[in-house]
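Report on the structure given below.
What follows draws every value from the coordinates through simple rules; no lab data is involved. Remember, it's a predicted structure, so these values are computed and weren't measured experimentally. Cβ atoms come from the backbone with ideal geometry, glycine included; neighbour counts cover every protein chain shown.
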Amino acid sequence: MSVDFEMKFLQNFLDALQGHLSLTLASVAIGIIVSIPSGVLAHQFPRAKQPLMVIINIIQTIPGLAILALVVTFLGGRIGFLPAFIALTLYSMLPIVRNTITGLEAVPWDVSEAAKGIGMSRSQRLILVELPLAKPVIIAGLRTAIVWTVGMATLATLVGAPSFGNYIFTGLQTRNLESVLLGSVASAALALVLDAAIGLYQKRSIERTRGVVGKRSFFLLFYQFFVVMVLVLAIATIFWPAKQVDVVVGAKGYTEQHVLAGLLSAELNRAGFKTEQKIGLGSQVIFEALRGNSIDVYFEYSGTVWAGHMSHEDNPGPEVIREAVERYVESQGVYFVGFGGFENRYALAMRRDRAEALGVTSITDLAGIGESMKAGGDLEFFGRLEWIRTNQIYGVDFDEKLIFDSSMMYGAVASGEVDVISAYTTDGRIAAYDLLILDDPNNAMLSYDAMLLSSDRITKRPGVMRVLARLANRLTDANMREANRMVDVDGLPVSTAVAFLQNTVNFDYKSD
């Protein structure tokens, strides 16, 4: 293992640690500031308790991916720290608010009455008696919140904020179990460390509460804890050296996009530009991020724009779609660099021996037998136009429709867990698992020509644009299929697949 590799690995790990820690501490710190007063108000004014808890519970039931996507959309396509911070802050509130209310309600009635009897006002009773007694319960809620937040922070990767989720999601997509294990163990270790730190504070708090109940003991301990959190956060965010990058490269969450992002970065690095990759973004999030100049360049697909962004429900053919999507993206303030030269469309695929046993060669053949079969799709397929058109045009439906992460989908059909999957035509696992792509005589599936898009901001960098222009229309289906196979089947790193593409395709590189 080279020294350069070790240094790069260490830097990437420290970046992930800094991102994960700063997100967690910032979210929980603001969660404390908002949640404890909210819990106090709910206790002091019982009519406010039920509406407050309903709102917080509703927020908690929204799936993490959904709330991240909603926040990104609300922020006009902005990705990175801010949307992840807002989402995590919302998620941290429930246990703190709930335990604040529970702790205050558990204060013995006779203690409050005794304080009232010696002339204490309502606010004095709250500050000097009730909050100090409720503090251990409140801190227990804080411990729950911080463990939840550390776990949820791994999802920040999906909106371009660095965290230990970088290792988890990249490892899942590239079948690198070591990367998944590293991200999971690091996240768990961080949660345990923070929980233990708060546990020590909680123990000290209980000891002091048993000794002296008073204004100084409560606010001194709370102030000490808050100052420590702020100092750690300041070190992690303000004093940490910021990355200096020229181009931010985006990618969605599967192997081909990881390889393409690696290729873009490698070619830009060769030309002397510093790059940063934001990997694992969803289709809607990444396009909005490009429009908002949060990322600068990525590979999109014509079918995604046609159906997902333009909301078309027909299939007029690849030429019409290509012309229409090119006009559309430029109308959205996005620069169209060129098509990539290859197509990666959806297709239904079966294990070859299973298809031959059933006499299936095309989607048409599934019309009579699909009701007795299980189908597997990626996270988007059964909600996309391709499936709607397949169902309407061929009359095909299945007994069960299971949703998989794309990295698990091919293994499911190979092992017989499902009969049919929504495969990608440039996926190297099709040949490796001896799958049969079913014919689509009625063109239910859209064309998915790869297209290179850049932000308006980066068009003002002619050196960058010259490099991007040399990448357009140079890749082929065979190139991408082999690069994907190297990662998904052979278990090689993405960098090896990128090097293969660079060696196979002459990008006519020239230094600017």
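Considering only Ala140, Ile55, Gly383, whose Cα is most displaced toward the positive end of the charge dipole of the chain, charges sitting on Cβ of Lys, Arg (+1) and Asp, Glu (-1)?
Farthest towards the positive pole: Ala140.
So, counting K/R as plus one and D/E as minus one, what does the shell of residues with Cβ under 12 Å around Ile321 add up to? Could the numbers behind the result be given before it?
Details: positive: Arg322, Arg327, Arg345; negative: Asp314, Glu319, Glu323, Glu326, Glu343, Asp449.
Within the 12 Å Cβ shell, the charges total -3.
Aspartates and glutamates within cross-link reach of Lys116: Cα-Cα under 18 Å, excluding same-chain residues under 8 positions apart?
Here the aspartates and glutamates satisfying the reach criterion relative to Lys116 are Glu105, Glu130.
Could you work out, for the chain, what percent of all Cα-Cα pairs fall into each 10 Å distance bin, beginning at 0 Å and stopping at the bin that holds the largest distance?
All Cα pairs, binned at 10 Å, distribute as 4, 17, 24, 22, 16, 10, 6, 2, 0 percent.
With 19 Å as the cut-off, how large is the P(r) tail for the stretch 132-204, expressed as percent of Cα-Cα pairs? Could the numbers behind the result be given before it?
Numbers: 1130 of 2628 pairs.
Percentage above 19 Å: 43.
Using amide H atoms built in the peptide plane, which far-off residues or other-chain residues are under 5 Å from Thr426 H to H?
Arg345
In the stretch 397-431, whose amide N lies under 20 Å from the spot 7 Å out along Cα-to-Cβ of Leu177? List them in ranges.
It comes to 405-417, 429, nothing else.
Can you figure out the FRET efficiency of Ala324 with Asn443, using R₀ = 22 Å and their beta-carbon distance, to the nearest 0.05?
On the way: r = 16 Å, r/R0 = 0.74.
For Ala324 and Asn443, the calculated efficiency is 0.85.
In nm, what is the difference between 0.36 nm times the number of residues separating Ile388 and Leu200 and their Cα-Cα distance? Numbers along the way, then the final one.
On the way: separation 188, 0.36 × 188 = 67.68 nm, distance 5.56 nm.
Here the answer is 62.1 nm.
Treat every Asp and Glu Cβ in the stretch 347-437 as -1 and every Lys and Arg Cβ as +1, leave all other atoms uncharged, and give the resulting dipole magnitude about the Cα centre to the nearest 20 debye.
Values: 8 positive and 15 negative charges, 30 e Å.
That gives the stretch 347-437 a dipole magnitude of about 140 debye.
Farthest toward the dipole's positive end in the stretch 367-479, which of Val413, Val467, Met451, given Cβ charges of +1 (Lys, Arg) and -1 (Asp, Glu) about the Cα centre?
Sorting the options by dipole projection puts first Val467.
Which FRET efficiency value, to the nearest 0.05, is calculated for Thr61 and Glu417 with the Förster distance at 22 angstrom and r the Cβ-Cβ distance?
0.15
Just to check I understand the Karplus step: with θ = phi - 60° and J = 6.51 cos²θ - 1.76 cosθ + 1.60, what whole-Hz values come out for the stretch 260-265, glycine and proline as x?
Values, residue by residue: 5, 5, x, 5, 4, 5 Hz.
Could you tally the net charge around Ala431, taking each other residue with its Cβ under 13 Å from the Cβ of Ala431, Lys/Arg +1 and Asp/Glu -1?
-1
As a test of the formula, what do you get for the chain when each DSSP H run with n ≥ 4 contributes -39,500 (n - 2.57) and the sum is divided by the residue count, at 222 nm and rounded to the nearest 500 deg cm²/dmol? Could the numbers behind the result be given before it?
Numbers: 20 runs with 299 residues, N = 512.
Only helices count here, giving -19000 deg cm²/dmol.
Any idea what the dipole of the chain comes to, in debye rounded to 20, about its Cα centre with Lys/Arg Cβ at +1 and Asp/Glu Cβ at -1? Walk me through the numbers on the way to the answer.
Numbers: 43 positive and 49 negative charges, 623 e Å.
About 3000 debye.
Rounded to whole Å and ordered largest first, report the semi-axes of the equivalent ellipsoid of the stretch 347-437 derived from its Cα gyration tensor (root of 5λ).
Over the Cα atoms of the stretch 347-437, the semi-axes work out to 18, 16, 12 Å.
Which percent of the Cα-Cα distances in the stretch 93-169 go past 18 Å?
Details: 1618 of 2926 pairs.
In whole percent, the share of Cα-Cα pairs in the stretch 93-169 beyond 18 Å is 55.
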